[in-house]
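Data block below; observations after.
Rule-based calculations on the coordinates, nothing more; no lab input. These numbers come from a predicted model, not from an experiment. A quick note on method: Cβ atoms are made from the backbone with ideal geometry, for glycine too, and the neighbour counts reach across all protein chains shown.
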Amino acid sequence: MITVRRDTTISRISQPLTPIAVDRASQARTFAQHGSLFVERAIEGDFIAAESYLRADSVMRRTFDDLENASTATYVIGNHRNDDHFDFEHRAVTWDPHSALRTTTGGAQSPALGLGHELVHADEAADKREYLATTFDAAYDDKEERRVIVGAETHAARTLGEGTRHDHSGRVFTVDSPTAFA
Ligand SMILES: [Zn+2]
């Protein structure tokens, strides 16, 4: 079995783009605005279901509140390739609403928790995230992954009854709904 790491990414320069610029960059996608969060319309229903589910957890609730009230826009763009990551340069979360994760210890996580994980990356000061993301960590690849996984991801997983991780790995599998993990 291939081991997949949710989110391996990319870049450094934080340069907010307008929805129109993201639109051009991502082939004429259209967005629905949730405060400062711009959600691709094609996945808005899945996003709303995931947000509603994640808001049962206090840390995820704070993360959504932060991003929706932020002075900088964050984009959420869908895909069907098991690709969950946060693109620092465009402040864009890429999310597959049907991609669940089997952890290396046999537990499972919903696509919604994958979205929450990426939003926690987005909800971090750029300079601190840059420092942590470039600092190696033997168990979690880097200190930014450790921060997100040990912190918010584990907190939400416990609240929601999902599996927790002790590394940055897992195997993806497909589910019918963004909140399913079996
Ligand atoms: Zn991550």
Where labels lie 7 Å past Cα in the beta-carbon direction, separation of Ser36 and Arg158 in nm
2.9
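Sort Arg81, Arg147, Arg62 by Cβ crowding within 10 Å, fewest neighbours at the top. Before the final figure, lay out each step's value.
Values: Arg81 9, Arg147 20, Arg62 14.
Ordered by Cβ neighbours within 10 Å, fewest first: Arg81, Arg62, Arg147.
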Residue-by-residue Karplus 3J(HN,Hα) for the range 67-74, coefficients 6.51, -1.76, 1.60, Hz, glycine and proline x
6, 6, 9, 6, 7, 10, 6, 10
Would you work out the relative contact order for the range 80-150, in percent, from Cα pairs under 8 angstrom that are 6 or more residues apart?
21
Amide proton proximity set for Ala92, modelled H, under 5 Å, gap of 5+
Tyr75, Asp87
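Quick check on packing: order 150-157, 116-123 by the mean number of other C-beta atoms within 10 Å, highest mean leading.
Working: 150-157: 20.0, 116-123: 24.1.
Taking the mean over residues of other Cβ atoms within 10 Å, the ranking is 116-123, 150-157.
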Expressed to one decimal in nm², the mean projection of the alpha carbon convex hull of the range 19-174 is 8.5
Quick one: Lys128, Lys143, fewest Cβ neighbours within 10 Å first, how do they rank?
Lys128, Lys143
